1. Among the candidates ASP313, ASP296, which residue alone is out of contact with any His (no Cβ under 8 Å at 6 or more places or on another chain), exposed (fewer than 10 other Cβ atoms within 10 Å of the Cβ) and not aliphatic (A, V, I, L, M)?
2. Out of everything in region 215-269 that is over 30 Å from LEU194 (Cβ atoms) and among the basic types (Lys, Arg), what residue ends up being modelled with the lowest pLDDT?
3. Determine the pairs where a residue that is at pLDDT below 80, located within region 275-301, has a partner that is of a type in the set (Ser, Thr, Tyr) and open to solvent by less than 70 Å² (accessible area, probe 1.4 Å) with Cβ atoms under 6 Å apart, the partner being 6 or more residues away or on another chain.
4. Which condition number does ALA243 fail, the rest of (1) of a type in the set (A, V, I, L, M); (2) under 30 Å from ALA191 (Cα atoms); (3) surrounded by 12 or more Cβ atoms within 10 Å (Cβ to Cβ) being met?
5. Quick one: in region 188-217, of everything that is open to solvent by 80 Å² or more (accessible area, probe 1.4 Å) and part of a helix (DSSP H, G or I), which residue is nearest to THR232 (Cα to Cα)?
6. Looking only at region 134-186, which residues are without any contact (Cβ under 8 Å) to a residue 60 or more places away in the chain, under 30 Å from VAL36 (Cβ atoms) and of a type outside the set (A, V, I, L, M)?
7. Consider ILE123 carefully, then state whether it is in a loop (DSSP other than H, G, I, E, B), surrounded by 13 or more Cβ atoms within 10 Å (Cβ to Cβ) and in contact (Cβ under 8 Å) with a residue 12 or more places away in the chain.
8. Please work out if ILE123 is at pLDDT 95 or above and in contact with a His (Cβ under 9 Å, 6 or more places away or on another chain).
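The values are calculated or read from the model by the stated rules, or taken from the named source; none is laboratory data. What you see is a predicted model; the values in this text were computed from it and never measured. Here the Cβ positions follow ideal geometry from the backbone for every residue, glycine too, while neighbour counts run over all protein chains shown. SASA here: full protein model, heavy atoms, side chains in, ligands and nucleic acids out. Shrake-Rupley method; radii C 1.70, N 1.55, O 1.52, S 1.80 Å.
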Amino acid sequence: MDKNVKRVLVEKRNGFDLEARALKKDIEESLHITSVDSLRVLNRYDVEGISDEVFQNAANSIFSEPNLDVVYFEEVPCNENERVFAVEYLPGQYDQRADWAAQCIRILNQGMRPELKSAKEYILSGNITDEEFNKIKGYIINPVDSREAGLEKSESLALVTEKPTEVEILDGFIELDEEGLNNFVKSQGLAMTLEDLKHVQVYFRDDEHRNPTITEIKVLDTYWSDHCRHTTFMTELENVEIAEGKYTDAIKETFDDYMNTRKEIYVDRKKDVCLMDIATLAMKKLKKEGKLADLDESEEINACSINVDVEIDGKPEKYLVM
């Protein structure tokens with residue numbers, strides 16, 4: 001097995017580069033940056049564990065379509081005035097493009113699945129300032145699931161994991177005064193408020209008689225955030241005001257339609273006007289009209305889902321389609 005890492009970059013031909021054109025327009029309209037003269041988007045694949053022959057076959061049949069794509073091996077020629085950056089998924093995030101490509105190569109590679117990583121490279125030209133370039137990168141890179149990738153090719157694609165350090169105990173947490181707790185909320189970027197954290201402090205001081213670990217605080221904050229979000233969706237909307245703007249009439253018309261539809265749906269019961277109800281009422285209307293008999297229903301509907309029977313290996317299984 002060839003342990004060398006091979007790289008291929010694939011770019012849509014002129015006229016088929018719809019993603020790049022749409023992104024350039026989005027940057028102009030959303031960020032108000034007009035200094036980008038051209039923008040190119042390339043899918044980058046680094047592969048380890050295949051022969052040169054298999055790699056060439058994959059480059060022309062899996063990574064690209066010859067009539068639509070331009071293929072570059074190892075690197076893309078760039079001018080001095082062009083700015084380049086790459087984006088990849090964070091470790092642990094599912095990369096559908098890489099998984100799909102690896103499965104396809106496995107067929108060519110006598111059943112052996114290679115190591116494969118994918119990324120997107122962006123090449124921008126124009127009189128772009130450093131501030132504008134950083135603003136564009138911040139707009140494109142979603143830190144929740146992605147990060148900026150290096151432009152240099154790695155010697156190996158094997159995942160290297162660091163040994164976890166000891167979990168930090170927050171010494172002095174239960175003795176913090178209000179100012180200290182407030183600073184802690186800000187420094188840790190917690191979803192809970194100062195009053196929430198005071199409640200947590202009292203619990204660890206009076207019930208546990210110890211300082212918490214940072215992991216305990218982060219887990220509590222995650223569930224706290226989820227609870228608050230759910231509470232927000234279910235909060236009754238008593239006074240709804242629609243601000244004046246470009247789409248005011250359309251929004252008012254839609255909201256009036258929602259309020260009228262409620263009278264049809266909730267004939268025999270009271271239901272609060274809330275964000276959750278706004279999101280799911282259309283499905284309930286279709287259900288009442290007999291157009292959606294397989295709607296999933298429970299005491300706490302928080303999404304529009306339908307029940308379906310799917311045949312898996314000759315046996316029916318119950319699935320929810322979101």
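1. Testing whether each residue is out of contact with any His (no Cβ under 8 Å at 6 or more places or on another chain), exposed (fewer than 10 other Cβ atoms within 10 Å of the Cβ) and not aliphatic (A, V, I, L, M) leaves just ASP313.
2. Among those that are over 30 Å from LEU194 (Cβ atoms) and among the basic types (Lys, Arg), it is ARG269.
3. ASP296/SER305; ILE301/THR280
4. So ALA243 meets the others, but not (3).
5. That would be GLU195.
6. Selection gives ASN134, LYS137, GLY138, ASN142, PRO143, ASP145, SER146, GLU152.
7. no
8. no
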